[in-house]
Structure formats: structure tokens, C-alpha cells
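Asker: This is the structure, below, for whatever I ask next.
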Amino acid sequence: MSLFPFSRRFVLWTTLFLVICGSGFLVLANGLHLDKISVAGVTADDINLKWQNGLNLEIDSLQIDLPENNDSEKLNGKQIQKALKAYRFLRKLVPSITVRSLNYNEYKIQILSREQEPSHPLSLTLNSEDLHLEASLTWEQDEVQINLKRLSSKKLNSSAGGLFLVNAKKLQISGELTANLADCLPLQLSIAADLDSISFQGQGMGVTTTIKPLVDLFGLDEDIQPWITDYLIGSRYHLQAVNGTIPWNDPAAILDTLSASIRVDDCEYTFAQGLEPIKADYAELTFSRGVLDILPHDATFYGQRGEQSRLAINFNDPDNILLTVNINTRARANESIVALLKYYDIGLPFLQVLGKTATDLTLIINLNTEQVQAFGTFEVGKSLFTYEDTTYQVTGGRIELKGTEILLDDLDIGLNEFFTARISGKIQPLEDRTDLEIEVNTVQIALKDTLLTLDPAGDPVQHSYHSSPTGSSIAAAPSPWPPGK
């Protein structure tokens, strides 16, 4: 059988192949130019493809018009992997790429890579009315290294830069980010991300003298923000730690995970306008699960030590943001405490002029409506109290505050050598009502040359006192009164 026919066909196809390749090479060597191509919402203008130590692709303008997708679906891992593979293949096939202008929505992007090695960085520049981004991408085996040279936002007055590594197989990102938020808070963050969320943790890189520009970013109500930026002041703020997780499909859920701690030196917090602030050498601010805790150290309030006093602002319900003030200390229930309670329409009818009281007072203030709830206990030791211009000795007992009601529990009082008694009951200043149970232990009444006393051998005498806007009454059990000398 003759091999000649086969040899002729082989030579023919080989020649044809070489002619096609040679023609293609000659075309590419001289350059291939296309005015415009439009495919599936992507339009390219002024395209040049030329062979010069490898393929060189230049596109003057690339316009992407894709239909908007408002669905908050989970990121599609398979599509991302396909895109990464396509990018890697394209870099090998066309190592030199230039896109002078890529327009997508409000973003204008420039892409540039002029080196032949596929691993050489591909430079990316992105601009919009708000954002500016400069970055480079380098592919190494199954990883893409992203060098974020600069990312800035005019709206947020913030900037950032960092280095990231993308695992193309696992679709995970890790890296380090240096940022300056609101041009007042420099910080360093470690970043980790996958298809579900992005997580971060880090700390501040210095101190700042104000946090107002940072708080401005959150767009709080004008009646709420002063409680953070105006009534809380300090000489220096230091971000000690911050961490959180942002789900891609629900960015607002960051409030469930965001945690931060800030030290504020020379801290003052004013929680009632017109009154002195709580002053502290420094305070620890901790934000977690939507609640800002303020813990002053070495605090004083009107010159009295604050000890375990603290404050908290709960932001979880935007329509009912709650400020909680807890004053926990041994202090005197003097004019400052009385003025504080009076500011919130809580009348304390007596004043402590000597001694200390174990105070545990909590005020819950709705910053939206300015409604106030008050709860507190005052464990009274040996002291002096004034009531209606009369000074009484108190040796022990408990005073409890529930809203506007004042409860007395076994309060041991005396008036000079005139009497001693134990009082329990309720005082309602707003309703002008008083209900007391009085257990009189001793009474001494001087009548000329005679001293009238309550029989010390008998049981204490029980009295009931009731007062209201309609009148007052007192009832007492019979008691023996032997005359003395």
C-alpha cells in the first residue's frame, strides 16, 4: 500500500497550519486593532492586541452594564473559583494587560501589567466620588497576594492600607491592615474572611484627643450623640482592643459581635446638666453587644469618692436608648445626692449632715424620652440627719428608693435625750403621702421639777402615722408613764 497519499495530506495540513500560525503571528506582530466589541453588557472600545515578547493587550475603554442584583444571597464559591482560574489563565496567556478606563456603576478603574512574567503584580486603581483605591495583585501558585497601597473615603474621612493573602482553593483571605478612622483614630487590624463573613481584631496605634469625628460616622440622633461626645470628655483616648465579625449578607449584625475597649485619661462624665460631672483619673470604656460601659477609676462626685460607681448606655433599641448610672459607694447623702435626685423629680425629704451611708443608687434614663426610673438602697450607720429643720441621730437602718417612693426599714432614730424610736414605712413625696409604723423605745419629757418617762420595763409603744393631702392622723397604743425625779 502506498504511503504517498497520506504523506501528501500530512504535508498539506502541516503547510496549512504553518500558514495560519505564520499569518496569525504576522498579524499579531504588526498588531490587531478592533474599534469596538460588545458582549453581554460589556462594551470594549479601541482594542489593540500585539505580540512583543509575548501578547500585549490594550483596551482604551471598557464599559460594564450588568443588571442590578439586590438579593442578599450568600457568596457563590464556585463562581469565585471559576473567576480566579480564568484570571490565572488570562495572566499566563496575556501577561501584559492595560485597561485605561473601566467604568462600572460609579466606579472608574484602571488596570496595568506590562511585565511578561505571570507572577508580576497587576496594578489596579479605582476611583469614585467617595472612594480612591490603589492595589496590586500577584499570583503565586494557589495564592493571590493583594498589596493594598491605599484605600481612602472622603465621606468617612478615613484611609487604610495593608497586605492580604487569598487562598484560591479554600476561598479564604487573611492579612494585616493599617487604618486611620475619621482622621483621628489610627489602628492596626488583623483580617480574616471567607464566604460567610469578615472578622477583624486589633488595637490603636497611638492616642487621640477627641472621638467626636469617629462617633459622627455613625449618624446618631442629635439628641443622643452629646451623651457620648459632649458629656464624656477626657484629655487622651487610647483604643486598647477592638474585634468583631461582619456577615456579608447582614452587615448591620456587626453590633452583635463588635467589641472594643478604650482608656480615657482625666475623664469627666456629666449625666445631669447643671450638676457636677463624675470625675476620674481615668475611665475604661467597653463596647460589647450594643452596650457602652463606662467604668471610672479613682472617681469622685461632688468631692465624694465614687468607688464602684459606673455608667452604661444601651444602644440595642434605637427608639429607647438607655443610660444607666450606678452610684455604689460609701458617701454622705448630702446636698449633692439630694440635688441629683431632685433633678430627676425624686424628692428625698431628709439630708445627711454627718456620717457615711453605704449607697447603691441606680438611675435608668431613657435618652429618647427623658423618662427616669430610680432604684437604690442606703444602708445607714451612725450619723446625723436633718428633717424639716430638725436634726436627728440615726444609729442604723435601711432606706430604699423605688421610683419616687421612699421606704424606711427599721430606721433607728433619736432626738437628743427626748426619745428613741424605730421607724418603718413609706414616703411618697409626689403624692404628698406618708405612712409610718413607729416603735417608740424611750421618751423623756421634763415637766418643771418632774421627768416624765416611758416605763423602761414595758414593751415599746406602737404608733401609726398617716398623712395625705386631706389630713394627718396618729394612733398610739396605751403606755405606762411613771413620773421620775
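What follows is calculated from the coordinates using simple rules that are stated; it is not laboratory data. If you're wondering where the values come from, they're calculated on a predicted model, not measured in any experiment. Neighbour counts run over all protein chains shown; Cβ positions are idealised from the backbone, glycine included.
Asker: Within the set of other residues whose C-beta is less than 14 Å from the C-beta of GLN304, count the net charge using Lys and Arg as +1 and Asp and Glu as -1.
Answerer: Summing Lys and Arg as +1 and Asp and Glu as -1 gives +1.
Asker: Taking LYS279 as the anchor, which aspartates and glutamates have their alpha carbon closer than 16 Å to its alpha carbon, excluding any fewer than eight residues away along the same chain?
Answerer: ASP230, ASP265, ASP266, GLU268, ASP293, ASP298, GLU307
Asker: Near the amide H of VAL380, under 5 Å away, which other amide H atoms are found, from residues 5 or more places off or on another chain, if H is placed in the peptide plane?
Answerer: Correct list: GLY397, ARG398, ILE399.
Asker: Continuing with the same structure: Within segment 150-242, list the chymotrypsin sites (Phe, Trp or Tyr not before Pro) lying in a DSSP loop whose Cβ has at most 13 other Cβ atoms in a 10 Å radius.
Answerer: Numbers: sites: PHE164, PHE200, PHE218, TRP227, TYR231, TYR237; in loops: PHE218, TYR231.
Of the chymotrypsin sites (Phe, Trp or Tyr not before Pro), the ones in loops of segment 150-242 whose Cβ has at most 13 other Cβ atoms within 10 Å are PHE218.
Asker: For GLN188, put the label point 7 Å out on the Cα→Cβ axis and report which residues of segment 224-267 keep their amide N under 15 Å from it.
Answerer: From segment 224-267, the list is 239-242.
Asker: Right, another one. If the only charges are +1 at each Lys and Arg Cβ and -1 at each Asp and Glu Cβ, what is the size of the charge dipole of segment 318-401 around the Cα centre, to the nearest 20 debye?
Answerer: Numbers: 6 positive and 9 negative charges, 87 e Å.
The calculated dipole for segment 318-401 is roughly 420 debye.
Asker: Give the cross-link partners of LYS170 among the aspartates and glutamates, using a straight C-alpha distance below 20 Å as the criterion and excluding same-chain residues fewer than 8 apart.
Answerer: GLU73, GLU140, ASP142, GLU143, ASP194, ASP196
Asker: On to the next question. Using mean Cβ contacts within 10 Å as the protection proxy, how do 337-345, 355-363 order, highest first?
Answerer: On the way: 337-345: 17.3, 355-363: 19.1.
Going from most to least packed, we get 355-363, 337-345.
Asker: Then there is this: Pick out the long, greasy-scoring helices in the chain: whole DSSP H runs spanning 20 Å or more along their own axis by Cα, mean Kyte-Doolittle at least 1.0.
Answerer: Long hydrophobic helices here: 4-30.
Asker: Next question, about the same structure. Going by C-beta contacts inside 10 Å, put SER309, SER197 in order with the fewest on the left.
Answerer: SER197, SER309
Asker: Can you list residues from other chains, or at least 5 along the same chain, whose modelled amide H is less than 5 Å from the amide H of ILE198?
Answerer: ILE246, TRP248
Asker: Hey, can you grab everything whose amide H is under 5 Å from the amide H of SER309? Only 5+ residues off in sequence or another chain; H modelled, so Pro and N-termini drop out.
Answerer: For SER309, the qualifying residues are ASN328.
Asker: In the neighborhood of PRO480, defined by Cβ-to-Cβ distances under 13 Å, what is the net charge if each Lys or Arg adds +1 and each Asp or Glu adds -1?
Answerer: My count for the surroundings of PRO480 gives -2.
Asker: Count charges around LEU411 for me, please; just the other residues with Cβ under 10 Å from its Cβ, Lys/Arg as +1, Asp/Glu as -1. Could you put the intermediate results ahead of the total?
Answerer: On the way: positive: ARG398, ARG422; negative: ASP409, ASP410, ASP412.
Taking every Cβ under 10 Å from that of LEU411, the sum is -1.
Asker: Would you mind classifying segment 335-485 by shape? Square roots of the alpha carbon gyration tensor eigenvalues, ordered a ≥ b ≥ c; an a/c under 1.5 is rounded, otherwise it is prolate if a/b is larger than b/c and oblate if not. All intermediate terms of the calculation are to be shown ahead of the outcome.
Answerer: Working: a/c = 2.66, a/b = 2.01, b/c = 1.32.
Since a/c reaches 1.5 and a/b is larger than b/c, the shape of segment 335-485 is classed as prolate.
Asker: Read phi for every residue in segment 141-146 and hand back ³J(HN,Hα) as whole Hz from Karplus 6.51 cos²θ - 1.76 cosθ + 1.60, θ = phi - 60°, with x for Gly and Pro.
Answerer: 6, 9, 10, 10, 9, 10
Asker: Can you give me the Rg/Rh ratio for the chain, using Cα atoms for both radii and the Kirkwood formula for Rh?
Answerer: 1.31
Asker: Output the relative contact order of the chain, whole-number percent, from Cα pairs under 8 angstrom with separation of 6+ residues. Display every interim value, and only then the final one.
Answerer: Details: 1144 pairs, mean separation 23.3, N = 485.
Rounded, it is 5 percent for the chain.
Asker: Ok, one more. With +1 on the Cβ of every Lys and Arg and -1 on the Cβ of every Asp and Glu, and nothing else charged, how large is the dipole of the chain about its Cα centre, in debye rounded to the nearest 20?
Answerer: Values: 39 positive and 61 negative charges, 577 e Å.
In debye, rounded to 20, the chain gives about 2780.
Asker: Can I ask one more? Setting aside same-chain residues fewer than 8 positions from LYS36, which lysines have a Cα under 27 Å from its Cα?
Answerer: LYS50, LYS82, LYS85, LYS92, LYS108
Asker: Run through the DSSP bridge list for the chain and note the antiparallel percent, rounded to the nearest 5.
Answerer: On the way: 201 of 208 bridges.
Bridges in the chain that DSSP calls antiparallel: roughly 95 percent.
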